[in-house]
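Comments concern the structure below.
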Amino acid sequence: MSRFCLYQDNEGLYTEKELLAIAEKHLAHNYAPPDKIFISGGGIFVYDCDGRSYHDLNACYSALPLGHKESGNLDTFPRAFHEPDRILFAKELADFCGMDMVLPMNTGAEAVETAIKLARKWGYVGKKILKDCAEIIVCKNNFHGRTTTIVGFSSNPQYKNFYSPYAPNAFIEVDFGDSEKLGKKITPYTVAVLIEPVQGEGGIIFPPDGYLYEVKEICREHNVLFMLDEVQTGFGRTGTRFAFDHEGAKPDILILAKALGGGEDDISAVVSSEEIMSLFQPGDHGSTFGGNPKACRSARRFLKLFKELNLAENSKIQGAYFLEKLKEFADSKTSIKEVRGRGLFIGIEFNEKFDAKRASQALLKAGLLTVIAKKHILRLSPPLNITKKDIDAIMEKFREADIP
Ligand code: PLP
């Protein structure tokens, strides 16, 4: 093992030994890499910190048909071997979340799947429930992604129908926003509760104040894991670091994606305590590209920018201004039933006679891109660095659009 410094960035200077210790502490143990850090590559070769070359006979589990980039960067490099950016990403994200360990994946749905596996393993190994009996409580009108397990507990027939069969009793549905009803659904087989802090795809639905904290407490009382899907709401979207910060309802398992890559790369992550994450042993879970160094570098840059640009605060301030202007606009429109939002996560609900699709088309004509969350709801989630000037220009276009 090298005694020399091998990696330097603005945060510090690391020896191989230090990086290995950080990896042990903060990177999930679902792989068992050798005690060696690789720092560069080119073609068929990779290089360790002492400059020794190795023929790479793995080529990221075949994902590098042309070998490593000649620029020397390790961009695509498997979890089977250690590399500094992935290790430091795990530490920085864990610190950012105030949690211990990180398991990187690629997409939101994969991170949700990872959390489901982790919760079930905790149920069988930690809580010692009967084999094949694990139940997870989810909310009606949820959206957690598109894999076959996840669509099995979707309330949207289009997402769910035609892709069955699904395991009966694996996911128990409750009304979103009702903690009392949720508590009543807990059985000796319940391993976790999985919720979105705000239902995005479901129509920008905010639960009553205090709901997340109540669910967290119910989970704690019943020895059930509290899992939050902050794929959409994480990183300032609702005006705070995470949506759970509004209520101090830190989860046992936090699911992140989307903004994590800073818009430069696709990366997702599951973040949890050492106690829970350590249940994953080498071989239990994995992904060819999950936590690839290039995406980890993007995420590291974003975590820094998030603080430097004060994105959560900007989301809070500009979001409040945008909401106020949209509410004024809505007051003069007969087609709009409600405008609601928190930070820069805003929904415009139209009345039954007016489709959001029509509104979206009218706004497109006026020069605004919007998407539909439900038949009558438009979902707005602009960049977090939006300015007051941008919002004023956007409102001009709203006023020009053909919306009754
Ligand atoms: N969870 C939530 C709350 C989401 O909003 C989404 C995507 O919109 C997902 C999970 C799935 O993420 P992905 O599309 O990256 O798989």
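The values are calculated or read from the model by the stated rules, or taken from the named source; none is laboratory data. What you see is a predicted model, and the numbers here were worked out from it, not measured in a lab. Ideal geometry is used to build each Cβ from the backbone, glycine not excepted, and the neighbour counts take in all protein chains shown. All accessible areas refer to the heavy atoms of the entire protein, side chains included, with ligands and DNA or RNA removed. Shrake-Rupley method; radii C 1.70, N 1.55, O 1.52, S 1.80 Å.
Observations, loosely collected:
- In this Cβ point-charge picture (+1 for Lys and Arg, -1 for Asp and Glu), the chain has a dipole of about 800 debye about its Cα centre.
- Cα long-axis angle, helix 293-308 against the chain (0 to 90 degrees, to the nearest 10): 50 degrees
- Debye, to nearest 20: dipole size of the stretch 225-332, +1 on Lys, Arg Cβ, -1 on Asp, Glu Cβ: 460 debye
- For the chain, modelled as a GNM whose springs connect Cα atoms under 10 angstrom apart, the maximal fluctuation among S71, S315, S335 occurs at S71.
- Heavy-atom surface of the stretch 282-350, accessible at 1.4 Å and reported per residue (Å²): 45 Å²
- Debye log10 I(q)/I(0) for the stretch 332-404, one point scatterer per Cα, at q = 0.13, 0.20, 0.21 Å⁻¹: -0.34, -0.85, -0.94
- Distribution of pairwise C-alpha distances over the stretch 169-308, 10 Å bins, in %: 11, 37, 35, 16, 1
- Normalising the Debye intensity of the stretch 315-371 to I(0), with uniform scatterers on Cα atoms only, and taking log10 at q = 0.25, 0.30 Å⁻¹ returns -1.12, -1.26.
- Environment charge of Y189, counting only residues whose C-beta is closer than 13 Å and scoring Lys/Arg +1, Asp/Glu -1: +3
- Its residues counted as N, the stretch 80-239 yields a C-alpha radius of gyration over 2.2 N^0.38 Å of 1.07.
- Within the chain, percent of DSSP bridges classed antiparallel, to nearest 5: 65 percent
- Considering only the stretch 23-175, percent of DSSP beta bridges that pair antiparallel, nearest 5: 55 percent
- q = 0.12, 0.21, 0.22 Å⁻¹: log10 I(q)/I(0) that the Debye formula gives for the stretch 24-122, counting C-alpha atoms only: -0.46, -1.13, -1.19
- Counting only alpha carbon atoms, the long axis of helix 84-97 and the longest principal axis of the chain meet at about 40°.
- When you count the other C-beta atoms within 10 angstrom of each residue and take the mean per peptide, 157-167, 17-27, 83-93 line up highest first as 83-93, 17-27, 157-167.
- Over every Cα atom in the stretch 216-291, the radius of gyration and the widest Cα-Cα span, Dmax, amount to 13.9, 41 Å.
- Convex hull per residue volume in Å³, alpha carbons only, for the stretch 253-351: 153 Å³
- Three principal axis extents describe the C-alpha atoms of the chain; from largest down they are 71, 53, 39 Å.
- GluC sites (Glu not before Pro) lying in DSSP loop within the stretch 314-360, provided at most 10 other Cβ fall within 10 Å: E352
- The count of lysine pairs in the stretch 20-165 with alpha-carbon distances below 25 Å, taking only pairs 8 or more places apart or on different chains, stands at 17.
- Max mean-square fluctuation residue, GNM over the chain, Cα-Cα springs under 10 Å, options G67, G177, G290: G67
- Degrees, to the nearest 10: 356-365 long Cα axis against longest axis of the chain: 80 degrees
- For the chain, with +1 on Lys and Arg beta carbons and -1 on Asp and Glu, the positive-most of Y159, F345, Q361 along the dipole: Q361
- Our helix-only sum for the chain, with -39,500 (n - 2.57) per DSSP H run of n ≥ 4 divided by its residues, gives a mean residue ellipticity at 222 nm of -9500 deg cm²/dmol.
- Here the Gaussian network model covers the chain, with springs between Cα atoms less than 10 Å apart; of Q281, Q318, Q232, Q281 fluctuates the most.
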